[in-house]
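Encoded as structure tokens, the structure appears first; notes follow it.
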Amino acid sequence: MSARMSFALSLGLFAASSPAFAQDFCGGMGAMGLWANGTEAASDLSQSSTAFDLTGLGLSAGNQAVGLFTLSQSANLRVEAVGQGGVDPVLDLYDETGRLILNDDDSGGNFAARGEINLAAGRYCVAVRDFSGTAGAVDLRIGLSDRDPALTMGLDAGTGSFAGVTPCTADTPATVLGAGALSQAELSAGISQTGSVASTPYYRFGLSAPTAVTIQAENSAADPYIYLFGPDGRLLAENDDHVGLDSQIDMADPLPAGSYCIAMRALSDQNAPVTVTLRDYDPMRAMQQMYEALEASPPIGGSYPITDLGAISGQFVRDVSVSGKAQWFLVSMPEDGLLLIDAVGMGNSDPILALYDPVGRELAYNDDSGSGYDSQIAQPLGGGSYLVGLRQYDNSAGMVRLVIQRFVAAN
């Protein structure tokens, strides 16, 4: 049994207590969310005797649903999403500052999403969207991995337990990155090693002092999925498809000195070479990558390039050469209306679109609108400035036709 809440009930609670939902946390995402168990006061998972279920969460085309919860003490979290009616859910877990700490697609088995991570006390936001950006509904469960039953089967249909990868313990054979405990100078330079998942599924590294680190696994042909285990074998973080099909874990809070293990599996070709890189965590580099991946919008007037398209009057059309690193455009709505944005891929292009308001709140996101690889966002907006982000699904470059149209209500 779990603390279940239907989407209809969720909407009723939201409508009845809307000021409580206007929360400026998780980078503003909290304002879009529904509290697990109805209210913030009741959303403490560590004090609840059961998991929290948000059942039948509605997803409009190109958008995401957000569930909110709190922890009054550290806990081992499991978060799962099961799609209804063909929805292929993707999960993103954010901490109170808006930092993405977990991402998953398909680890629950049968296209369900699932992730497990140890979390400190705080407020958290779980965002769920359809992989292709289509409309539908999902069931979301937020529970404790060492207490609550799983909603999904995991990747092992025979056991019902999470089987994304065999946990890495002190006895697990692993390839060592570097020689002994790594110094700050070594981590600043970065340490890389290449091997296939079939031959090198585990890497081990040591830290001589508390250090924040970034771990990357790169080769889209393999589609690597990575996990980080602590000295006691506990899963600390995991990631899939941070940028395109490559994965990355950012541990912004320093890890204590000790021995750590990176586990890896391939969602595609397990014999393809994957380059694993370990380096110190750089907040500026991390933010740059978030802009490039459409996970956050760059500040207007900052160092990240933004092309100002001015006021949209009627229809704007431009052919853009774009890669897996996003290009950003500033558009102006002279008055209230509907903004329709199309990204039409040429050749093998697979474009992704995102729309943000000027202070960095995501308003819409879309990949693969309809039956093809083109993307589309249709968003009612008030007068003002907005940021449009465009990138390719993977790291390859290609041409995309960007079409932006503004519609106003007839008098």
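Quick look at the values:
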quantity	calculated
Filter result for the condition that a residue is part of a loop (DSSP other than H, G, I, E, B) and among the aliphatic types (A, V, I, L, M), over Val87, Val66, Val79	Val87
Residue list for the stretch 354-367, filter: of a type outside the set (Phe, Trp, Tyr) and surrounded by 21 or more Cβ atoms within 10 Å (Cβ to Cβ)	Ala354, Leu355, Glu362, Ala364, Asn366, Asp367
Residue match in the stretch 52-67 (condition: within 22 Å of Leu294 (Cβ to Cβ) and in contact with a Cys (Cβ under 8 Å, 6 or more places away or on another chain))	yes
Tally, over the stretch 45-63, of residues that are assigned to a loop (DSSP other than H, G, I, E, B) and at negative phi	10
Evaluation of Thr39 against (1) assigned to a loop (DSSP other than H, G, I, E, B); (2) within 23 Å of Val243 (Cα to Cα) (one fails), failing number	(2)
Meets criteria (within 20 Å of Tyr281 (Cα to Cα) and more than 17 Å from the chain's Cα centre (by Cα)) for Asp241	no
Residue among Pro201, Pro173, Pro149 that is out of contact with any Phe, Trp or Tyr (no Cβ under 9 Å at 6 or more places or on another chain) and exposed (fewer than 15 other Cβ atoms within 10 Å of the Cβ)	Pro149
The stretch 322-346: number of residues that are over 15 Å from Gly244 (Cβ atoms) and either aliphatic (A, V, I, L, M) or in contact with a strand residue (DSSP E or B) (Cβ under 6 Å, 6 or more places away or on another chain) (or both)	17
Residues of the stretch 283-303 satisfying the condition of being over 23 Å from Pro334 (Cβ atoms) and either loosely packed, with under 15 Cβ neighbours inside 10 Å or touching a Cys at 6+ places or on another chain (Cβ under 8 Å) (or both)	Pro283, Met284, Arg285, Gly302, Ser303
The stretch 385-411, subset modelled with pLDDT of 95 or more and farther than 21 Å from Gln64 by Cβ, residue surrounded by the most Cβ atoms within 10 Å (Cβ to Cβ)	Val400
Residues of the stretch 67-84 that turn out to be under 20 Å from Thr39 (Cβ atoms) and surrounded by fewer than 22 Cβ atoms within 10 Å (Cβ to Cβ), as a count	5
Hey, Gly244 free of Cβ contacts under 8 Å to residues at least 40 places away in the same chain and on the phi > 0 side of the Ramachandran plot or not	no
Hits in the stretch 49-73 (condition: in contact with a strand residue (DSSP E or B) (Cβ under 6 Å, 6 or more places away or on another chain), under 25 Å from Asp146 (Cβ atoms) and not hydrophobic (A, V, I, L, M, F, W, C))	Thr50, Asp53, Thr55, Gly67, Thr70, Ser72
Selection within the stretch 170-228 - hydroxyl-bearing (Ser, Thr, Tyr), touching a strand residue (DSSP E or B) at 6+ places or on another chain (Cβ under 6 Å) and closer than 22 Å to Met284 by Cα	Ser188, Ser192, Thr211, Thr214
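The rows are residues; the columns are (1) within 27 Å of Gly398 (Cβ to Cβ); (2) touching a Ser or Thr at 6+ places or on another chain (Cβ under 9 Å); (3) assigned by TED's automatic domain parsing to the domain that holds Ser183.
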| residue | (1), (2), (3) |
| --- | --- |
| Asp269 | yes, yes, yes |
| Gly301 | no, no, no |
| Pro334 | no, yes, no |
| Leu338 | no, no, no |
| Ala354 | yes, yes, no |
| Asp357 | no, yes, no |
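The values are calculated or read from the model by the stated rules, or taken from the named source; none is laboratory data. Remember, predicted model here, so these are calculated numbers, not experimental data. Counting neighbours? That spans all protein chains shown, and the Cβs are built from the backbone with ideal geometry, glycine included.
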